[in-house]
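J.: Input: one structure, supplied below.
The values are calculated or read from the model by the stated rules, or taken from the named source; none is laboratory data. Predicted model, so just to flag it, every value in this text is computed and none were measured. Virtual Cβ from ideal backbone geometry, glycine too; neighbours counted across all protein chains shown.
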Amino acid sequence: MSNDTNRTTVNMKEDGGYSYTDEHSIVYKWEINKIESFLRSAKSAKGTHDLDSPEFSAGAKIKDLWYVKLRIQNDDASSENKTWVSIYLNSKNGNRKVQAKYLSGYGPSKFVNINELLVNKNNFLPNDTLTVCVELIVYDEYIAVKNSNNLLEGCKRKLSDDFKDFFETKKKCDVAIKVGDKEFCAHKMILIARSSVFEAMFSHDMKENKENEVTIPDIDPEVFKKVLDYIYTDRVDDLISFAEKLLEAADKYQLQGLKDLCECSLSKTLTPGNAVKILILADRHYAKRLKEVAIDFITNNWLKFKNTKEFKELEKADASLACSVLRKVADKVQN
């Protein structure tokens, strides 16, 4: 009798893939002046009255295009007390599907009673202006990646992840950076690799190099923490809130990548209320692309700027910069 046993060999193949998307965010600010007369006129009329904002984009790859609709609607034509202001976010991408944090065509219906808005106009409508802000996040289309060799290949850690852990755990730190009432521990070699200013500081016979201690008196600690985050990871959280101060810091420490991020962020948040200030900031810190975008924005909205206090002060403080704007305005008129 044979003792051989039938055996079955199973060859199991591992296969897989992953999908990913990138997000793009924007805070859009829409200012509507002379709003009181519009509200009072719409309040006494029948039906609905719409006002649309200029178009804007979050800069996604799908070329998203959006606008905000302000609608005055009457629940009861016989009663002015039943008139409401509603706000809607709308997409101009037609039937094309757009994945976003806020869906097209949705918004706060019956956002505020129009009488309440007019009674409290000093709070809600300063200088006879209504300001509507929209924070929007748009996602690119998902990209599918087939991975037949290693199911977990798409989950590999990046070098920036290791550097972030290196910074947060303070392993092998060899320099202390004092900023205001905060002290940050860091690594000379990483600072040297990322910034020519730190390279000069730690590569010569300077006090900072000898004592392994740096004091920075002119930057807010919270802002400098963002600078270190960028140095170690190439990323900055909440960039919109810190872009102006980070642009100054990026210029000071010659962090061109961070400077580019700040220029891009600030160029997307230009409004009639901040454009002159951002133009001055860009000129002071040699942010050429942001300067050009700010000049174009002021030129394209010249009627809103020509008699403002901010532009008149610019003419007095920096005639050369003001002339750059006026030349662009003149070229546009001539063409």
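J.: Could you tell me how many of the residues in region 282-291 are surrounded by fewer than 16 Cβ atoms within 10 Å (Cβ to Cβ) and more than 17 Å from the chain's Cα centre (by Cα)?
T.: First, the residues of region 282-291 that are surrounded by fewer than 16 Cβ atoms within 10 Å (Cβ to Cβ): 284, 286, 288-289.
Checking the rest, the ones that are also more than 17 Å from the chain's Cα centre (by Cα) come to 284, 286, 288.
Count: 3.
J.: Please go through (1) in a helix (DSSP H, G or I); (2) small (Gly, Ala, Ser); (3) out of contact with any Ser or Thr (no Cβ under 6 Å at 6 or more places or on another chain) for Gly273 and return the number of the only condition it doesn't satisfy.
T.: Exception for Gly273: condition (1).
J.: Here's a follow-up. Looking at (1) at pLDDT below 80; (2) not in a loop (DSSP other than H, G, I, E, B), which one does Ala176 not meet, given that it meets all the others?
T.: In the conditions (1) at pLDDT below 80; (2) not in a loop (DSSP other than H, G, I, E, B), Ala176 misses (1) alone.
J.: While we're on this one: Only one of (1) within 27 Å of the chain's Cα centre (by Cα); (2) modelled with pLDDT of 80 or more; (3) part of a helix (DSSP H, G or I) fails for Ser160. Which number is that?
T.: Failing condition for Ser160: (2).
J.: Another question, then. Give the residues of region 220-252 that are within 18 Å of Lys178 (Cα to Cα) and not in a helix (DSSP H, G or I), sorted by residue number.
T.: Result: Asp220, single match.
J.: In this structure, is Asn90 modelled with pLDDT of 60 or more, outside any loop (DSSP other than H, G, I, E, B), surrounded by fewer than 15 Cβ atoms within 10 Å (Cβ to Cβ) and not hydrophobic (A, V, I, L, M, F, W, C)? Give the steps one after another, and end with the answer.
T.: Numbers: modelled with pLDDT of 60 or more: yes; outside any loop (DSSP other than H, G, I, E, B): yes; surrounded by fewer than 15 Cβ atoms within 10 Å (Cβ to Cβ): no; not hydrophobic (A, V, I, L, M, F, W, C): yes.
In short, no.
J.: Next question. Checking the structure you have, find out if any residue of region 210-218 is part of a helix (DSSP H, G or I), in contact with a helix residue (DSSP H, G or I) (Cβ under 7 Å, 6 or more places away or on another chain), surrounded by 16 or more Cβ atoms within 10 Å (Cβ to Cβ) and without any contact (Cβ under 8 Å) to a residue 60 or more places away in the chain.
T.: Within region 210-218, the subset part of a helix (DSSP H, G or I) is 210-211.
Narrowing further to those that are in contact with a helix residue (DSSP H, G or I) (Cβ under 7 Å, 6 or more places away or on another chain): none.
No.
J.: Which pairs do you get when a residue that is without any contact (Cβ under 8 Å) to a residue 40 or more places away in the chain, found in region 120-134, comes within reach of a residue that is surrounded by 13 or more Cβ atoms within 10 Å (Cβ to Cβ), reach meaning Cβ atoms under 7 angstrom, with the pair 6+ apart or on two chains?
T.: Listed pairs, sorted by first residue: Phe124/Leu117.
J.: Now for a separate question. Applying the selection to region 282-311, what residues are part of a helix (DSSP H, G or I) and polar (S, T, N, Q)?
T.: At the first step, the residues of region 282-311 found to be part of a helix (DSSP H, G or I) are 282-284, 288-300, 302-305, 309-311.
Selection gives Thr299, Asn300.
J.: Moving to a separate point now. Inspect region 164-173 for any residue being β-branched (Val, Ile, Thr) and surrounded by 12 or more Cβ atoms within 10 Å (Cβ to Cβ) and give the result as yes or no. Working first, answer last.
T.: Initial filter on region 164-173 (β-branched (Val, Ile, Thr)): 169.
Adding the requirement that they be surrounded by 12 or more Cβ atoms within 10 Å (Cβ to Cβ) leaves none.
No; the residues of region 164-173 include none that is β-branched (Val, Ile, Thr) and surrounded by 12 or more Cβ atoms within 10 Å (Cβ to Cβ).
J.: From Leu314, Leu279, Leu261, grab the single residue that is buried (at least 18 other Cβ atoms within 10 Å of the Cβ), modelled with pLDDT under 90 and not in a loop (DSSP other than H, G, I, E, B).
T.: Values: Leu279 fails: modelled with pLDDT under 90; Leu261 fails: modelled with pLDDT under 90.
After applying the criteria, what remains is Leu314.
J.: May I ask you to list the residues in region 25-41 that are more than 11 Å from Val132 (Cβ to Cβ) and in contact with a Leu (Cβ under 9 Å, 6 or more places away or on another chain)?
T.: Here is the first cut: in region 25-41, the ones more than 11 Å from Val132 (Cβ to Cβ) are 25-27, 33-34, 36-41.
Listed by number, the residues that qualify are Ser25, Ile26, Val27, Asn33, Glu36, Phe38, Leu39, Arg40.
J.: Something else about it: With the requirement that a residue be in contact with a Leu (Cβ under 7 Å, 6 or more places away or on another chain) and not in a loop (DSSP other than H, G, I, E, B), what does region 51-70 give you? I'd like the intermediate steps shown before the answer.
T.: Here is the first cut: in region 51-70, the residues in contact with a Leu (Cβ under 7 Å, 6 or more places away or on another chain) are 51, 55, 57-58, 66, 68, 70.
Hits for region 51-70 are Leu51, Trp66, Val68, Leu70.
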